[in-house]
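The values are calculated or read from the model by the stated rules, or taken from the named source; none is laboratory data. Keep in mind it's a predicted model, so treat the numbers as computed, not measured. Cβ placement follows ideal geometry from the backbone for every residue including glycine, while neighbour counts extend to all protein chains displayed.
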Amino acid sequence: MRASIVILVLSLLLGFSFQSVAQSTEAVAHGVRNDLPQPYETQRDWGELPPSTSWAAVTAVEPSPDGRFIYVIHRCVDNSCEGRNEPPILKYDYDGKLLDSFGEGLFIFPHGATVDSQGNLWVTDARSNGVIGHQVFKFSPEGEILMTLGEKGVGGSGPDLLFNPNDVVIDPSDGDIFVSESHRGGMNNRIVHFSADGTFIDEWGGKGSGLGELSEPHTIAMDSQGRLFVGDRENNRIQIFSQSGEFIDEWRQFGRPSGIYISPDDTIYVADSESGPDTGAGELMDIMKGIRIGSAVDGTVTAFIEDMEPLRDDHSGAEGVGVDAHGNVYGAVVRRQMLERHVLKEI
C-alpha cells in the first residue's frame, strides 16, 4: 500500500489532534499548512556511535536500495570536520548496530548524500579550506573511493569545477549524475549534469527568483519518472525539472525545503528546517518546522512530522530526511546535533 494512503487511513482512524497557530497571509497564500495529521512518534535514541564519539551536526540519512543498510552523515565534531580524525560516515543495520565508519580526513563540511541503484554512496562537501573541499565523492559500500567530481580544494563555475555542492542524485536507468550547488552565499546557483563516468554534460539555473532560476538549491531528488525535484530553499519552493533542465512546475505547499526524499512509490518527504520567524533570510512566517509528506505525482500534502522546536527563530529543524524499507522516517538535525527516527503509531 502506498505510504501516502497508509497515512491518510491512519489519520482518519485515529482522529489526530494537532497544534495549530495563526498563519500569516503569506503562508496561507503558499498553501503551507500546520494542521496536517501527525501519524508518527519520534525516537531520539536510535543508532550506536563509535567509542568516545557523540553526534555532531547530522546532515543526511540514506538507506541502501536492498533494504540492508542505512548511512548517516555527520560533521565529526560540532559543525565541521576540518582537522578532525572522526569518521563522518556511519553505516548501520536496521537495528541501529554500527557496522562500519569511514571518510576520515576527506571533508570540511559533509552535506548532502544519496545511494545509487548499485548501492554506492555519494556525499558532497559544501565548503573548502583551500586544500580540500568543493567535491562530490562516490564510495563503495565498503568505503572505497570510486570517483570524485570537482577539483580538490578548488572552487569555480566551469564544467570541471564545483563550488560548495549541496546535494547529488543518480538516475537509476543510466547512472547520470545531477549535482545541486551552491550553499548560502556561494557563487553558483545551478544544477550540473554529468554522465555516469563523470563527464560534464550540461548545467542550468542561475541566481534569481524567476521560474527556472535558483537561490541556494539545497537538495535534489528524483521521482519514478526521472523528474528532478530541487529544493530551492531561499525561494521557499520546490522546482521540478526535466533532466535536460526544462522547467516543469513549482510547488510551495511543502514549506521551505532543506531536504527531499522520494520513495519508490513516489511518496515525497520534505524537511523544512527554517520556516517560522523571519531572521532575515526570507523565511516564511508562522509556518512550523518539520517534515511534510505527500505525493510527488500531484503535490498533495497528507501528513506532517512536527519538529520539537517548530517556531524557534533560530534554525532548528531536520535538514536531511531519509526513509527506510519499513517506512521509518529519519531526520538529520544540524543545530541540535541529533538523529531523529520517526515510526508510524500503532492503531
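Inside the range 32-53, residues that are within 17 Å of L339 (Cα to Cα) and in contact (Cβ under 8 Å) with a residue 60 or more places away in the chain make up a count of 7. Is the range 300-314 home to any residue that is touching a residue at least 24 places away in the same chain (Cβ under 8 Å) and in contact with an Asp or Glu (Cβ under 7 Å, 6 or more places away or on another chain)? Within the range 300-314 (the criterion being touching a residue at least 24 places away in the same chain (Cβ under 8 Å) and in contact with an Asp or Glu (Cβ under 7 Å, 6 or more places away or on another chain)), the answer is no, since none of the residues qualifies. Under the condition of being crowded, with 22+ Cβ neighbours inside 10 Å and farther than 17 Å from K138 by Cβ, the residues counted in the range 152-162 number 1.
Taking the range 196-229 as the range and being surrounded by fewer than 22 Cβ atoms within 10 Å (Cβ to Cβ) and polar (S, T, N, Q) as the test, the residues that pass are T199, S209, S215, S224, Q225. Against the numbered list (1) surrounded by fewer than 17 Cβ atoms within 10 Å (Cβ to Cβ); (2) under 14 Å from R233 (Cβ atoms); (3) of a type in the set (A, V, I, L, M, F, W, C), V297 comes up short only at (2). Scanning the range 142-170 for residues that are over 20 Å from the mean Cα position of the chain (by Cα), assigned to a loop (DSSP other than H, G, I, E, B) and not small (G, A, S) yields a total of 6.
Residues checked against (1) of a type in the set (A, V, I, L, M, F, W, C); (2) modelled with pLDDT of 95 or more; (3) closer than 21 Å to A332 by Cβ; (4) part of a helix (DSSP H, G or I):
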residue: V6; (1), (2), (3), (4): yes, no, no, yes
residue: A22; (1), (2), (3), (4): yes, no, no, no
residue: S52; (1), (2), (3), (4): no, no, no, no
residue: W55; (1), (2), (3), (4): yes, yes, yes, no
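Within the range 36-50, the residues that satisfy the criterion of being part of a loop (DSSP other than H, G, I, E, B), at pLDDT 95 or above and under 20 Å from D272 (Cβ atoms) are L36, P37, Q38, P39. Under the condition of being part of a loop (DSSP other than H, G, I, E, B) and either of a type in the set (F, W, Y) or surrounded by fewer than 16 Cβ atoms within 10 Å (Cβ to Cβ) (or both), the residues counted in the range 230-244 number 2. Out of the residues in the range 131-141 that are outside any strand (DSSP E or B) and aliphatic (A, V, I, L, M), state the one that is nearest to F107 (Cα to Cα). Here the residue is I132.
Inclusion of P63 among residues that are over 23 Å from H315 (Cβ atoms), over 18 Å from the mean Cα position of the chain (by Cα), modelled with pLDDT of 95 or more and surrounded by 13 or more Cβ atoms within 10 Å (Cβ to Cβ) is not warranted.
Taking residues in the range 175-201 that are closer than 17 Å to S258 by Cβ and modelled with pLDDT under 95, and partners anywhere that are of a type in the set (G, A, S) and part of a loop (DSSP other than H, G, I, E, B), the pairs with Cβ atoms closer than 6 Å and at least 6 places apart or on different chains are H183/A126. Tallying residues that are in contact with a strand residue (DSSP E or B) (Cβ under 6 Å, 6 or more places away or on another chain) and under 21 Å from G327 (Cα atoms) within the range 63-92 yields 10.
Each row is one residue, and each column tells you yes or no for (1) at negative phi; (2) crowded, with 20+ Cβ neighbours inside 10 Å.
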| position | (1), (2) |
| --- | --- |
| I260 | yes, yes |
| D265 | yes, no |
| G280 | no, no |
| E283 | yes, yes |
| D313 | yes, no |
| G317 | yes, yes |
| V329 | yes, yes |
| Q337 | no, no |
| H342 | yes, yes |
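Filtered by the rule that a residue be within 24 Å of A325 (Cβ to Cβ) and in a loop (DSSP other than H, G, I, E, B), the range 104-118 gives D116, S117, Q118.
Do we find that H193 is within 19 Å of the chain's Cα centre (by Cα), surrounded by 15 or more Cβ atoms within 10 Å (Cβ to Cβ) and not in a strand (DSSP E or B) in this structure?
no
Set side by side, the residues I262, I347 differ, and just one is hydrophobic (A, V, I, L, M, F, W, C) and under 16 Å from the mean Cα position of the chain (by Cα), which is I262. Being part of a loop (DSSP other than H, G, I, E, B) and surrounded by fewer than 24 Cβ atoms within 10 Å (Cβ to Cβ) is the requirement here; does R184 meet it? Yes: the conditions hold for R184.
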